[in-house]
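Novice: Pasting a structure here, questions to come.
The values are calculated or read from the model by the stated rules, or taken from the named source; none is laboratory data. In this text the structure is predicted, and so the values were computed from the model without any measurement. Using ideal geometry, Cβ is built from the backbone for each residue, glycine included, and neighbour counts are taken over all protein chains shown. We work out accessible area using only protein heavy atoms, side chains counted, and drop any ligands, DNA or RNA first. Shrake-Rupley method; radii C 1.70, N 1.55, O 1.52, S 1.80 Å.
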Amino acid sequence: MSHILLIVGGGIAAYKSCELIRLLRKAGHSVRCVLTEGGSHFVTPMTLAALSENQVFTTLWDLKDEAEMGHIQLSREADLIVVAPGTADLMARMANGHADDLATTLLLATDTPVLVAPAMNVRMWLHPATQRNVAQLRQDGVTVMTPDEGIMACGEFGPGRLPEPTAIMAAIERMLAPAPGEGPLAGRHVLVTAGPTHEPIDPVRYIANRSSGRQGFAVAGALARLGARVTLVAGPVTLPTPSGVTRIDVETARQMADAVQAALPADAAVMVAAVADWRVEAAGQKVKKDGGAAPALTLVENPDILATVAAGPDRPRLVVGFAAETEHVVDHATAKRTRKGADWIVANDVSADVFGGEANTVHLITADGVESWTRMTKDEVAEGLAQRIADALQGTA
């Protein structure tokens, strides 16, 4: 988890900061907000506080805030400072070293990396003064995003729109990612599987399950942020590839098994995918109804990818499986750990809203026993699991 300090400037695009906070919290980051006077005309401190679950700071002259936190500490406890929206006025004051409010004072008093997402009228963005200020900020080491192009709130068209929150989030993740060779998993290769598999019945039908792939993708992203070289073998899902992750797309269980074997060796394997247990011999053409009689489907067992990896000659030092259960969750998962030869099993109850949902309640089952984790977002589960994997691999050759 990283600590983000978000400065909300005064512009109509300030409302998008709310969505950015939601994305940051969903990804497991801690967020503190500084709301400028201009920004307070568009969003309220109460809104930002509710979304960030933290106090919102608005003024340099609050005796209680300065006594307890202080603008110096506020800026330096952050891993990254994000200015969104970055108005023309705010960027001008940053470029010229002003310190006349809380936002500019803490920006001048920090050596923390700063990301600015500009938002202003097209003519303001293209004005030579703004371009000089942007060039100065970049020369000073500030990362200034390129604004989007489109219709403005004023009705004009051109560059100057605030980048979408998802684009800002991607820029944040890139800045937070460890440099090559850094992080507790630097030099380690981790293999992750995610999503369902589709087993064809005919050219238009298939056998599948409800896995969205979100938990596996979150695990892959969390491992990459800790410095690992991550290979993600993904079933048929439309999720964006996490930053720093090498993705291999497959459809069937046999394709996934082949891709997993090709990706070995690895220091750790995290088998999150909900692989179909059975397949059928697919028909070459669409199966038609025949007098109302249902076609006979002969099921054939698919390869057991987790057990194969755990027993193979290229067995990773740490093999982690997932168990999606609907009853007797811990008992079934404990038996699965032994049966499959895995080091750990992450068990979850999927009888509720886990498939496709944002939250998960898991139990980590190891040779030492069972740890039951509190209900949390899938990103928080991923961060916790990635850290545990990093700890387990520390000290191994």
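Novice: When only C-alpha pairs under 8 Å and at least 6 residues apart count, what is the relative contact order of the chain, in percent?
Specialist: So the answer I get is 12 percent.
Novice: Note down the magnitude of the dipole of the chain about its Cα centre, charges +1 on Lys and Arg C-beta and -1 on Asp and Glu C-beta and zero elsewhere, to the nearest 20 debye.
Specialist: 800 debye
Novice: Also, quick follow-up: What does the highest-first list of 262-271, 165-174 look like by mean Cβ count within 10 Å?
Specialist: For the peptides 262-271, 165-174, the packing ranking is 262-271, 165-174.
Novice: Any idea what the alpha-carbon Rg over 2.2 N^0.38 Å comes to for segment 3-176?
Specialist: 0.95
Novice: Any chance you could run the full-extension gain for Trp61 through Ala179? It's 0.36 nm times the residue separation minus the Cα-Cα distance, nm to one decimal.
Specialist: That pair, Trp61 and Ala179, stretches by 38.7 nm at full extension.
Novice: Quote to one decimal, in nm, the extra length available between Thr166 and Cys154 on full extension: 0.36 nm per residue of separation minus the C-alpha distance between them. Don't skip to the answer; put the middle values down first.
Specialist: Numbers: separation 12, 0.36 × 12 = 4.32 nm, distance 2.34 nm.
Roughly 2.0 nm would be gained on extension.
Novice: May I ask you to work out the translational diffusion coefficient for the chain at 37 °C, viscosity 0.692 mPa s, via Stokes-Einstein with Rh from the Kirkwood sum over Cα pairs, reported in whole µm²/s?
Specialist: On the way: Rh = 23.5 Å.
Answer from the Stokes-Einstein relation: 140 µm²/s.
Novice: Quick one: if the Förster radius is 25 Å, what FRET efficiency do Leu126 and Asn54 give, using the C-beta to C-beta distance and rounding to 0.05?
Specialist: Efficiency at R0 = 25 Å is approximately 0.10.
Novice: Continuing with this model, one more query. Over segment 189-394, what is the relative contact order in whole percent, taking alpha-carbon pairs under 8 Å and six or more residues apart? Mind showing how you got there, number by number?
Specialist: Details: 446 pairs, mean separation 43.6, N = 206.
Here the relative contact order equals 21 percent.
Novice: Mind giving me the nanometre distance, one decimal, between the label points for Leu108 and Arg205, set 7 Å out from Cα along Cα→Cβ?
Specialist: Taking the two extended label points, one gets 7.2 nm.
Novice: Ok, one more. Of the peptides 117-125, 91-99, how do they stack up when ordered by the mean number of other Cβ atoms within 10 Å, highest first?
Specialist: 117-125, 91-99
Novice: Carbon and sulfur atoms: what percent of the 1.4 Å accessible area of the chain do they account for?
Specialist: 52 percent
Novice: What fraction of the Cα pairs in segment 189-394, stated in percent, has a spacing above 26 angstrom?
Specialist: 32 percent
Novice: Also: Just to be sure I understand the model, the point goes 7 Å from the Cα along the line to the Cβ. What's the resulting Gln285 to Thr298 distance in nm?
Specialist: 2.1 nm
Novice: Before rounding to the nearest 500, sum -39500 (n - 2.57) across all DSSP H runs of length at least 4 in the chain and divide by the residue total; then give [θ] at 222 nm in deg cm²/dmol.
Specialist: The helix-only estimate for the chain comes to -9500 deg cm²/dmol at 222 nm.
Novice: Once you have the Cα-Cα distance between Ile72 and Ile248, take 0.36 nm times their residue separation minus that, and quote the gain in nm to one decimal.
Specialist: 58.9 nm
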